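Working notes, structure below.
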Amino acid sequence: MSQLKTPAITLKSRKWGEADRIVTFYSLRFGKLRGVARGARRMKSRFGSALEPFIHCDLNLFEKRGDSLYRITQADIQETFPSLREDLALMSGAARMVNLVAAVTAEGDPSPRVFETLLGGLRSLQEGSEPGLTTLLFQIRLLGQTGFRPQTDHCTACGKEFGKSRRVGLARFSPQTGGLVCAPCASRHPDRCLPLSAGSLAFIQQALHVPASVLPRLKATGRVRHDLEAAIESYVTVVAGKRLPPVDFLAPPVSL
Amino acid sequence: MSVDQQGLLAQLIRELVRLPGIGQKTAQRLAFHILKTEREEALRLAEAIRAVKEGLAFCRLCRNIAEKELCEFCRDPKRDRTKILVVEEPSTLYAIERTGGFHGLYHVLLGSLSPLEGVGPSDIRAQELVDRLKEGEVQEVILATNPTIEGEATAIYLTKLIKPYGVRVSRIAYGIPVGMDIEYADEVTLIKSIEGRRDL
């Protein structure tokens, strides 16, 4: 048995047994990990709110050889992101962020870039950025960092590069193949392809390549925004292998 | 010891494993215990399970567990019908009832909203609460959902849903548990307890 310490962000937590919780984190040093927090649901638990989703904490763990579950011994809160608990739109955006991280990362495969991207995404929401756009940027960025970068330089069906002779403007987006398909390939499976305007394509490329500090300056509205949201939503469903709860999942109710 | 996968004992173990918090080994231990107990004792357990499933249902008004159409609280004429306390599960209702400090009616949501798991408004008994407000007798709704992300989402959602009906909506207080040293409280609880302070 060895004791470990790492900064971590809580992705999700579920009840276990009488008063315990099994918590999934994305940690800086060990990537995604799951741990048991004994007595976490008791009134006077030493964990308090430290194991709630979206909390950034310093985690102390015991690793037991041959057991994929760690034992959580202590969690010291670093950031609580209180707005994410008080606003349904921000909460839904943050939920999509942690759900996507949980879906596209493997346990025990650390990536400091993924950790920083998640932390940055939650901070942006907390600071009041528009939740729909912030979540969209986060998803494109994370897909690029986890091996699912949307391919934009060649046709993902026939492999031909989009040189000057092949007009990328006629290409469409295929969630199944994870990128652009040229017009002739798209015409063979029109029901599986989505439109993607030149503006949407430029947005994806910028979201993937600009420094993190520049991300808040990227904007998308109108048709560009609509195309992007439809394309990324479909692609995320393919990558995650299931439909994640929508970004506007808990939109304010219409009075009855 | 491995159990024949097709046999009656294996069937019992498979059913026990479906219960929350019961793993394969615990299920096997319980199954062997049932096998060794007196026939009458084991059948009493089976009869109790059958009786619960056939004799209990959810209250037509508040969705608490009830033996009749209405639960004991909704039938009681002495309860204050101007206040409804909303909880996620019947077990919370009985915890509050044990305090003896609340004399109004209850509403059990039978769940909570979860943006993480995709549990939406149609999966909980929110509409039934709104239907009760339409009758006009209720003056206050007290939201006693858990102080978790799911409970908070539910409380915020219900507040937006209920406010247009002109009833007072309140949330149970957050704070330091009685008997605890403040220095050991976590940051979120401390902030909430300061925000929710009251005059003396």
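Only the coordinates and a few stated rules stand behind these numbers; no lab work does. Source: prediction; values computed, not measured. Virtual Cβ from ideal backbone geometry, glycine too; neighbours counted across all protein chains shown.
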Problem set entry | Positive-pole candidate from A:45, A:24, A:213, dipole of chain A, charges at beta carbon | A:24
For this session: Give me D for segment B:8-55 in µm² s⁻¹, whole number, from Stokes-Einstein with Rh from the Kirkwood sum over alpha-carbon pairs, 20 °C and 1.002 mPa s.
Result: 189
Problem set entry | Residues A:92, A:197, A:187, A:45, sorted so that the one with the fewest Cβ neighbours within 10 Å comes first | A:187, A:197, A:45, A:92
Exercise. How would you classify segment A:41-108 from its alpha-carbon gyration tensor, with a ≥ b ≥ c the square roots of the eigenvalues: rounded for a/c under 1.5, else prolate if a/b is greater than b/c, otherwise oblate?
Worked result: oblate
For this session: Excluding residues on the same chain fewer than 8 positions from residue B:78, give the lysines whose Cα lies under 22 Å from its Cα.
Result: B:68, B:134
Exercise. Within a Cβ distance under 15 Å of residue B:122, other residues only, what is the Lys/Arg minus Asp/Glu net charge?
Worked result: -2
For this session: Determine, for A:25, A:54, the number of other Cβ atoms within 10 Å of each Cβ, and report the residues in order from fewest to most.
Result: A:54, A:25
Problem set entry | Value of D in µm² per second that Stokes-Einstein yields for the protein assembly as shown, Kirkwood Rh from Cα pairs, at 37 °C (0.692 mPa s) | 130
Exercise. Considering only A:132, A:97, A:177, whose Cα is most displaced toward the positive end of the charge dipole of segment A:84-256, charges sitting on Cβ of Lys, Arg (+1) and Asp, Glu (-1)?
Worked result: A:177
Seminar exercise, completed: Computed, not fitted: 222 nm per-residue ellipticity of chain B from DSSP H runs ≥ 4 (each -39500 (n - 2.57)), nearest 500, equal to -12500 deg cm²/dmol
Problem set entry | Alpha carbon centroid spacing (whole Å) that separates segment B:78-146 from segment A:160-238 | 46
Seminar exercise, completed: Quick note on A:160, B:25, ordering by fewest other C-beta atoms within 10 Å, gives B:25, A:160
For this session: Calculate the dipole size of segment B:1-86 relative to its Cα centre from +1 charges on Lys and Arg beta carbons and -1 charges on Asp and Glu beta carbons; express the result in debye to the nearest 20.
Result: 400
Exercise. Which entries in B:163/B:192; A:5/B:192; A:12/B:36; A:219/B:192; A:242/B:53; A:32/B:163 show an alpha-carbon gap greater than 31 Å?
Worked result: A:12/B:36; A:219/B:192; A:242/B:53; A:32/B:163
For this session: Starting from one equal scatterer on each C-alpha and no solvent at all, send me the Debye-based log10 I(q)/I(0) for chain B at q = 0.14, 0.15 Å⁻¹, two decimals.
Result: -0.97, -1.04
For this session: Calculate how steeply helix A:222-240 sits against the longest principal axis of the alpha-carbon atoms of chain A, using the helix alpha-carbon long axis, and give the answer as 0 to 90 degrees to the nearest 10.
Result: 60
Problem set entry | Rounded to 5, the percent of DSSP beta bridges in segment B:72-150 classed as antiparallel | 10
Seminar exercise, completed: Length-normalised contact order of segment B:129-200, Cα under 8 Å, at least 6 apart, in percent, tallies to 29
For this session: Taking chain B as the reference, fit the longest principal axis to its C-alpha atoms, fit the long axis of helix B:90-99 to the helix C-alpha atoms, and give the angle between the two in degrees, 0 to 90, nearest 10.
Result: 60
Seminar exercise, completed: Charge dipole of chain B built from unit charges on the beta carbon (Lys, Arg +1; Asp, Glu -1), centred at mean Cα; most positive-end Cα among B:91, B:28, B:189 is B:91
Problem set entry | Fraction of beta bridges assigned by DSSP in the protein assembly as shown that are antiparallel (%, nearest 5) | 70
For this session: Give the Kirkwood hydrodynamic radius (Å, one decimal) of segment B:76-172, defined as one over the mean of 1/r across all pairs of different Cα atoms.
Result: 13.5
Exercise. Normalised by the number of residues in segment B:1-106, what is the relative contact order in percent for Cα pairs under 8 Å and 6+ residues apart?
Worked result: 14
Problem set entry | Whole-Å semi-axes of segment A:84-256's equivalent ellipsoid (Cα gyration tensor) | 28, 18, 16
Problem set entry | Global size of segment A:1-80 as Cα Rg and Dmax, reported in angstrom | 11.3, 33
